[in-house]
1. Select from the range 44-86 the residues that are under 27 Å from GLY210 (Cβ atoms) and in contact with a Lys or Arg (Cβ under 7 Å, 6 or more places away or on another chain) and list them in ascending order.
2. Quick one: which residue in SER140, SER151 is within 30 Å of LEU55 (Cβ to Cβ) and buried (at least 21 other Cβ atoms within 10 Å of the Cβ)?
3. Quickly run through the range 211-232 and pick out the residues that are polar (S, T, N, Q) and within 25 Å of the chain's Cα centre (by Cα).
4. Which of the residues spanning the range 24-41 are part of a loop (DSSP other than H, G, I, E, B), free of Cβ contacts under 8 Å to residues at least 12 places away in the same chain and either surrounded by 10 or more Cβ atoms within 10 Å (Cβ to Cβ) or of a type in the set (Gly, Ala, Ser) (or both)?
5. Here's a check for you: in the range 206-254, which residue that is hydrophobic (A, V, I, L, M, F, W, C) and surrounded by 12 or more Cβ atoms within 10 Å (Cβ to Cβ) is farthest from GLU149 (Cα to Cα)?
6. For the range 125-149, name all the residues that are touching a helix residue (DSSP H, G or I) at 6+ places or on another chain (Cβ under 7 Å), under 24 Å from ILE105 (Cα atoms) and in contact (Cβ under 8 Å) with a residue 40 or more places away in the chain.
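Where a number appears in this text, it was derived from the coordinates with a stated rule and is not lab data. Being a predicted model, the structure only gives us computed values, none of them experimental. In this analysis, Cβ positions are derived from the backbone assuming ideal geometry, glycine residues included, and neighbour counts consider all displayed protein chains.
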Amino acid sequence: MPKTKRKQRPQPKDLKTGQRLATTARAVGQGIGAILRGKHETQKGRKQLVSEAKLKSILNDWPAPQKNIANQMVAKYGLPNEATATKLFWYNNGPWKRTELSRDIVLHHWPIVHTDFLTQVIDYRVPPHMFHLIAQFDGSIICDRTRGEVSARCDSESANVLGMNMVHEIVAGKRTVEEARRISCESTVAYNLGRKAPYAERLLFEVPPGGTQDLDKSEISGPIVRQMAGKITDIVTGNGREATDRRTFRHSKVRRA
């Protein structure tokens, strides 16, 4: 079967100035509205609920591992709030801010070869200078500075709980990355053997009820003045100088004869 060529337009470079300004203006206006409402994010999907019939239809051809977790989630948290053919979403379920179960998988080799498909999120602030420690501990745990969230993606809720507990102990200075990885491996095996493994059984710290976001600060006023002056110079001289110094260049491939 021939491959379908994806349409490449419009790329950022292809947008006209009016389109660029309108795109930015819409987002800025929406941001100002959010500030006025005192909201830094939205989760409209939490107001929805998927019917049992629709869920059954979606899960009909899902792989066994994902279908098993879907059944566990429904038994524990009820029907999902949103669903597509390849994803299920729960909001504010138990300790989690969001839960996303995917039909698709990501292969992961640590602590043993397995697949990641269950992502669960909490509000939690990881200092930016510690992000690299979380990445070194587990590449499937992601810190979101702006939203003030940490998401864990693995093959089960217990694995995500374990990961979150280790994140907390790393941030709190209770464990090094190496110690957290060792404890995670030991706890994974212990939990699956039915031994006491508190790290994998429940979150052992108080999950913040929001207020963890870091929205940064606006620094655009100076660039507006400088780039407006540059735009006027472009028009007057007819030269389109690059707006900033560039240190990355895309080299075209040279065909050999």
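1. Of everything in the range 44-86, those that are under 27 Å from GLY210 (Cβ atoms) and in contact with a Lys or Arg (Cβ under 7 Å, 6 or more places away or on another chain) turn out to be ASN81, ALA83.
2. SER151
3. Correct list: THR212, GLN213, SER218.
4. Of everything in the range 24-41, just one residue is part of a loop (DSSP other than H, G, I, E, B), free of Cβ contacts under 8 Å to residues at least 12 places away in the same chain and either surrounded by 10 or more Cβ atoms within 10 Å (Cβ to Cβ) or of a type in the set (Gly, Ala, Ser) (or both), namely GLY38.
5. Top of the filtered list is ALA243.
6. GLN136, PHE137, ASP138
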